[in-house]
Each structure stands twice: as structure tokens, then as C-alpha cells.
Amino acid sequence: MKKTILFFAFILASFYGFSQNSVYGVRAGFNISDLDFEDQYDYLPHTHRNGFMIGFFGEYKLSNVIDLAPEIQFSAEGSKQEELRINYIQLPVLFKFNITNNFAFAVGPQASLKAHEYEDGVKNFTYSGVAGVDFMITDEFFLDFRYKYGFVNLFDDELGVEATGNTMQIGFGVKF
């Protein structure tokens with residue numbers, strides 16, 4: 001019994017020590033996304049899609065200047081045409097470089113899992129790169145802007161169509 005109590009006390013103390021360098025929060029915002037087709041497919045009709053995103057994040061201090069910021073978010077992306085709308089559950093893992101107390105630059109990879117219709121000719125899993133800036137309005141509230149650039153073809157190889165997804169996000173968040 002004493003070992004169990006000691007073990008749980010150690011676990012709680014380690015969480016307390018780790019939590020001193022961490023922040024959690026939620027962010028939501030507006031997406032402007034489009035599909036970037038290869039030149040031979042530019043004849044396909046498509047226009048950008050306005051959507052939304054919402055997610056949860058954590059920020060962990062690695063140093064005075066660098067934070068690690070993993071997230072999980074839902075994002076409505078793709079193109080305006082019904083058959084080209086793609087909703088994702090995304091996992092960006094960003095490295096934030098704190099330029100000043102109110103301003104940070106973020107960059108990192110992002111994995112995306114399609115959140116609907118798994119046999120529609122669109123790949124279920126993609127990955128991309130993300131870059132952005134954060135501006136702290138107060139100690140809790142912030143604005144951010146991000147650009148996501150897709151690295152892989154979004155369509156199944158059998159279709160013979162190639163396109164990548166690109167998205168701009170304008171977000172608002174709160175840190176707890």
C-alpha cells in the first residue's frame with residue numbers, strides 16, 4: 001500500500017512539474033481553401049471554398065524561445081463544388097519561435113485524416129506543411145494566421161487526376 005501511495009505521489013508531482021511549462025487552449029476560425037490541380041487538369045471547374053476550423057492545442061516550453069505546439073482540429077477544406085469538399089481531422093505539430101512576448105512564428109508538419117466518405121476517390125490520409133504567425137492580444141487571447149501547403153496528391157491514383165490542397169486559416173483562440 002505504501003508503494004502504491006508513493007507511486008501516485010510521484011506521478012502527481014511529475015504532472016505538476018511538467019504543467020509549469022505548459023499551456024492548453026482552444027482555437028477556431030475561418031478557412032479559405034482551394035485545390036491546386038496539375039496543369040493538364042486546369043480545365044476542371046473549381047473555385048475556392050470558405051469553411052471553418054475548430055480545435056484544441058497544447059503548448060510546451062522547450063526553451064525561452066521555442067515551444068512545441070501539438071493540436072487536434074476539425075477543418076472544412078477543398079473546393080466549393082460538392083464533390084470536391086473535403087473535411088479533415090488534422091494533427092499539426094508546430095514549433096513556435098517566440099520573437100517577442102506578443103508575437104510568434106510557427107512552422108511544422110501536419111497529418112490529415114478525411115472525416116467522411118471513405119471510398120469517393122479522395123485519399124483518406126494526407127500530409128502537409130504549415131507556417132504561420134501568432135499575435136497575443138492579452139495574456140489569454142490571441143489571433144493567428146496560417147498557411148497550409150499540401151505535399152501529396154489528394155486523389156486516388158486510379159483516377160488519374162493530380163491536385164494538392166492549400167489552405168489559409170485566420171483564427172482566434174484562448175489559452176487556459
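Take the stretch 133-151 and flag every residue that is over 16 Å from the mean Cα position of the chain (by Cα) and either modelled with pLDDT under 95 or open to solvent by 30 Å² or more (accessible area, probe 1.4 Å) (or both). PHE135, ILE137, THR138, ASP139, GLU140, PHE141 - these are the residues of the stretch 133-151 that are over 16 Å from the mean Cα position of the chain (by Cα) and either modelled with pLDDT under 95 or open to solvent by 30 Å² or more (accessible area, probe 1.4 Å) (or both).
If we scan the stretch 112-120, do we find a residue that is surrounded by fewer than 15 Cβ atoms within 10 Å (Cβ to Cβ) and either in contact with a Ser or Thr (Cβ under 7 Å, 6 or more places away or on another chain) or of a type in the set (S, T, N, Q) (or both)? No, the stretch 112-120 contains no residue that is surrounded by fewer than 15 Cβ atoms within 10 Å (Cβ to Cβ) and either in contact with a Ser or Thr (Cβ under 7 Å, 6 or more places away or on another chain) or of a type in the set (S, T, N, Q) (or both).
Pairs are defined by a Cβ separation below 6 Å, a sequence spacing of at least 6 or placement on different chains, a first member in the stretch 127-147 that is under 17 Å from GLU71 (Cα atoms), and a second member that is among the hydroxyl-bearing types (Ser, Thr, Tyr); the pairs so defined are SER128/TYR149; GLY129/TYR149; ALA131/TYR147. Residues in the stretch 143-176 that are within 15 Å of PRO92 (Cα to Cα) and assigned to a loop (DSSP other than H, G, I, E, B): PHE151 only. Hey, does the stretch 70-92 have a residue that's open to solvent by less than 50 Å² (accessible area, probe 1.4 Å), more than 17 Å from GLY165 (Cβ to Cβ) and not charged (D, E, K, R)? Yes, the stretch 70-92 contains at least one residue that is open to solvent by less than 50 Å² (accessible area, probe 1.4 Å), more than 17 Å from GLY165 (Cβ to Cβ) and not charged (D, E, K, R). Residues in the stretch 108-119: is at least one touching a residue at least 40 places away in the same chain (Cβ under 8 Å) and either under 17 Å from ILE32 (Cβ atoms) or assigned to a loop (DSSP other than H, G, I, E, B) (or both)? Within the stretch 108-119, one or more residues are touching a residue at least 40 places away in the same chain (Cβ under 8 Å) and either under 17 Å from ILE32 (Cβ atoms) or assigned to a loop (DSSP other than H, G, I, E, B) (or both).
Listed conditions (1) farther than 20 Å from LYS175 by Cβ; (2) touching a residue at least 12 places away in the same chain (Cβ under 8 Å) are all met by ASP157, apart from (2). Can you confirm whether the stretch 45-62 contains a residue that is modelled with pLDDT of 85 or more, outside any strand (DSSP E or B) and on the phi < 0 side of the Ramachandran plot? The answer is yes, given that some residue of the stretch 45-62 is modelled with pLDDT of 85 or more, outside any strand (DSSP E or B) and on the phi < 0 side of the Ramachandran plot.
The values are calculated or read from the model by the stated rules, or taken from the named source; none is laboratory data. A quick note: this is a predicted structure, and the numbers were derived from the prediction, not measured. Backbone-built Cβ (ideal geometry, glycine too); neighbour counts: all protein chains shown. In case anyone asks, the SASA skips ligands and DNA or RNA and just uses the protein heavy atoms, side chains included. Shrake-Rupley method; radii C 1.70, N 1.55, O 1.52, S 1.80 Å.
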